[in-house]
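J.: Below you will find the structure I want to go over with you.
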Amino acid sequence: MARGFRQKIRQRSDENSGFGDNASGRFINKDGFPNVRRKGIGILSRFSWYHTMLDLSTVRFLSYLVIAYILVNLLFAFIYYVIGVEHLTGIDKSDPLNEFIDVFFFSSQTFTTVGYGRIAPVGFMASLVATFEAFLGLLTFAIATGLFYGRFSRPRAYLKFSDIVVIAPFKNKTALMFRLAPFKNNALTDAEVIVSAAIEVIENSVPRNNFYTLKTQLNKINTLALNWTVVHVIDEDSPFYGFSEDDFKNTRIEIIIHLRAFDEVFSNTVVQRSSYVSKEIVYGAKFVPMYYPDRENLSTVLDLGKINDYQKTDLPVLAEEHL
């Protein structure tokens with residue numbers, strides 16, 4: 001282990017990380033959510049279904065709505081079938097399958113309050129179930145509409161982070177770098193980044209986590225239009241000073257990123273988080289440019305497909321007395 005690291009672990013680490021010294025596993029998942037499992041409380045109290053539905057991907061969200069719609073109508077179709085198809089007018093009674101199909105579509109028409117009129121309930125029980133189903137359908141579609149609006153109107157950063165961190169040369173020194181870029185046409189200004197490092201150390205044969213705030217060359221930019229390469233210079237004030245390639249590989253490290261910016265369209269602050277662990281650190285590499293002028297030299301092309309592209313490079317050698 002490098003001397004610089006041995007010196008650093010004797011210093012007091014930051015205590016405002018939000019994670020404890022003995023927390024285990026990855027702290028922040030790639031999707032930006034903390035890697036925390038809660039227990040000691042009921043499962044219905046642990047999860048907010050509203051937040052869960054807002055955070056689902058579009059495909060999963062629509063799939064859940066369609067599946068729920070089909071299951072609800074199957075349930076009501078079964079109830080109508082148990083009550084008896086003779087209590088529904090206009091049913092095709094040629095065979096049981098056609099009966100159930102007609103009952104299912106009657107349920108869907110009642111649930112959506114469309115009511116074409118070919119099939120109608122007869123008797124108290126069938127009318128009671130149809131009334132309750134229509135009321136449930138109104139509430140359900142009101143909730144679904146609210147969720148659609150919440151997902152559509154929710155401000156998001158829409159930032160893509162590089163999959164890797166590189167240890168690259170920087171002004172005759174070494175620096176830790178990652179980069180990010182907006183991937184939609186939203187306008188972000190006053191972007192500010194906070195970078196922290198969690199380093200596992202062994203003290204008295206007990207592993208613990210030390211947290212450090214990493215100073216960056218720039219922690220705020222006025223406009224986030226192109227990619228932003230965030231640079232942490234590994235100097236005497238860095239917890240990684242003196243780290244070798246083996247130190248980066250063999251030490252449990254997590255780089256935690258917290259970024260916030262102002263979205264001009266929503267007039268609101270948006271936040272996005274990400275993190276990198278030891279296996280995602282590439283030692284002795286530098287990113288290749290990911291933007292260039294177009295053929296007419298009238299605008300700039302930001303190639304998001306190059307956000308992870310890098311090339312290997314040699315790093316400056318520290319003076320012997322610094323190792």
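J.: Kindly establish whether Ile167 is under 25 Å from Phe19 (Cβ atoms) and either of a type outside the set (A, V, I, L, M, F, W, C) or open to solvent by less than 60 Å² (accessible area, probe 1.4 Å) (or both).
T.: Yes; evaluated as a whole, the condition is true for this residue.
J.: Go through (1) open to solvent by less than 40 Å² (accessible area, probe 1.4 Å); (2) of a type in the set (Asp, Glu); (3) under 27 Å from Ser162 (Cα atoms) for Asp102 and report which single condition fails.
T.: (3)
J.: Same structure, new question: Go through segment 181-236 and report how many residues are aliphatic (A, V, I, L, M), part of a strand (DSSP E or B) and out of contact with any helix residue (DSSP H, G or I) (no Cβ under 7 Å at 6 or more places or on another chain).
T.: The total comes to 16.
J.: For Pro155, only one of the following conditions fails: (1) at pLDDT below 90; (2) part of a helix (DSSP H, G or I); (3) not β-branched (Val, Ile, Thr). What is its number?
T.: (2)
J.: Check off (1) open to solvent by less than 80 Å² (accessible area, probe 1.4 Å); (2) hydrophobic (A, V, I, L, M, F, W, C); (3) over 36 Å from the mean Cα position of the chain (by Cα) for Leu56 and give me the number that stays unchecked.
T.: (3)
Listed here are the residues, each with its yes/no results for (1) in contact with a Phe, Trp or Tyr (Cβ under 6 Å, 6 or more places away or on another chain); (2) within 26 Å of Ile67 (Cβ to Cβ); (3) free of Cβ contacts under 8 Å to residues at least 24 places away in the same chain; (4) not charged (D, E, K, R).
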site	(1), (2), (3), (4)
Tyr80	no, yes, no, yes
Thr89	no, no, no, yes
Lys93	no, no, yes, no
Asp102	no, yes, yes, no
Thr110	no, yes, no, yes
Val114	no, yes, yes, yes
Arg118	no, no, no, no
Val122	no, no, no, yes
Glu133	yes, yes, no, no
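J.: Restricting to segment 34-49, name every residue that is open to solvent by 80 Å² or more (accessible area, probe 1.4 Å) and either small (Gly, Ala, Ser) or touching a residue at least 24 places away in the same chain (Cβ under 8 Å) (or both).
T.: Once the filter is applied, which keeps residues that are open to solvent by 80 Å² or more (accessible area, probe 1.4 Å) and either small (Gly, Ala, Ser) or touching a residue at least 24 places away in the same chain (Cβ under 8 Å) (or both), segment 34-49 yields Gly40, Ser45.
The values are calculated or read from the model by the stated rules, or taken from the named source; none is laboratory data. Everything numeric here is computed off the predicted structure, so don't read it as measured data. Using ideal geometry, Cβ is built from the backbone for each residue, glycine included, and neighbour counts are taken over all protein chains shown. Keep in mind that these areas ignore ligands, DNA and RNA; they rest on the heavy atoms of the full protein, side chains included. Shrake-Rupley method; radii C 1.70, N 1.55, O 1.52, S 1.80 Å.
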